[in-house]
1. In vacuum, with every alpha carbon of the chain counted as one equal point scatterer, what does the Debye formula give for log10 I(q)/I(0) at q = 0.19 Å⁻¹? Two decimals, please.
2. Within segment 99-148, what whole-number % of the accessible surface is contributed by carbon and sulfur, with the 1.4 Å probe and all protein chains included in the calculation?
3. For segment 53-124, max minus min Cα coordinate along each principal axis, in Å, sorted largest first?
4. Give the whole-number value, in cubic angstrom per residue, of the convex hull volume spanned by the C-alpha atoms of segment 51-95.
5. For Asn38 and Ala179, calculate 0.36 nm times their separation in residues minus their Cα-Cα distance, and state this gained length in nm to one decimal.
6. Once the Cα gyration tensor of segment 92-182 is diagonalised, what are the square roots of 5 times its eigenvalues, in whole Å and ordered largest first, as equivalent ellipsoid semi-axes?
7. Rounding to the nearest 20 debye, state how big the charge dipole of the chain is about its Cα centre with +1 on each Lys and Arg Cβ and -1 on each Asp and Glu Cβ.
8. Using the alpha-carbon centroid of each, what span in Å lies between segment 111-138 and segment 27-75?
Amino acid sequence: IGVTGVQTCALPILTVNSGYLGYKNRYSLGNGTLILANGTGAGQDGTINNPATGDTVADRMVSNNISVLGDFLFGVGSSSYFSGTLNLNGAVRNLTLANSTYLYGVITNGGLVVDRLGTDLTSSKTLFLNGNNQFAGGTTIVGVADRTNNPTLQLGHDNALGSGSLVYTGAGTNILRGATLS
C-alpha cells in the first residue's frame, strides 16, 4: 500500500489489516491514529515529497499516534521517523526493523522485542528511542551469530527504556549507543 499527496482530512483512524503502509509525505496519514494489525508495518517508502522546511528530520516526521495489535515492522523503504505515541496495547510486541527507525514519541503499555529484517543483511538497522517512554515490559534485542549487522539500539532520553530491563539475546555483536538530543 502506498500513500502519496497531502491529506487534509482529519481521519479518526487509519487501520492496516494486512501488508505494509508506505508513505512519501509526512501529511499522508492525516492526523488520526494509525492502527497496525498483527504482521503489518509502516514506513517511509522512497523520497519524501512534501514541501521542504530545511529541517531533514521535521520534513520526514509523521506525527500520528500508533496503536499496534500484534507483531509489526517499521522502515518499509527508507528510514522512518515517528513522533506520536506508540501504544503496545498491554503486550510484548516483536518489532522488526526493515530500516532504521526513529521514535520520538512516548512508548506505552507493553514491551519490545527488536529484530532486523533477515532479507537485507548488508545495511545497518538502528532503533532510535528518543522519547520519555512509559512502558514497563522491557526491551529485548535479538542477535544472530554470523550476522554482521545485528540491530543497533540508540537511546536519546534518560527514560528511553521506560521502567523495564534491557536484554540482549542470541549471539553475535550487539551495539548500544547513548545520544544527547539538543
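The values are calculated or read from the model by the stated rules, or taken from the named source; none is laboratory data. For clarity, every value in this text was computed on a predicted model and none was experimentally measured. Here Cβ is always computed from backbone atoms with ideal geometry, including for glycine, and neighbour counts include all displayed protein chains. When the accessible area is computed, the model is the full protein with side chains, heavy atoms only, and any ligands, DNA or RNA have been set aside. Shrake-Rupley method; radii C 1.70, N 1.55, O 1.52, S 1.80 Å.
1. After summing over all Cα pairs, the log10 values are -1.35.
2. That fraction is 51 percent.
3. Principal extents (largest minus smallest coordinate, Cα): 38, 29, 13 Å.
4. Dividing the Cα hull volume of segment 51-95 by its residues yields 79 Å³.
5. 47.7 nm
6. In descending order, the three semi-axes are 21, 14, 11 Å.
7. 40 debye
8. Going from one Cα centre to the other spans 16 Å.
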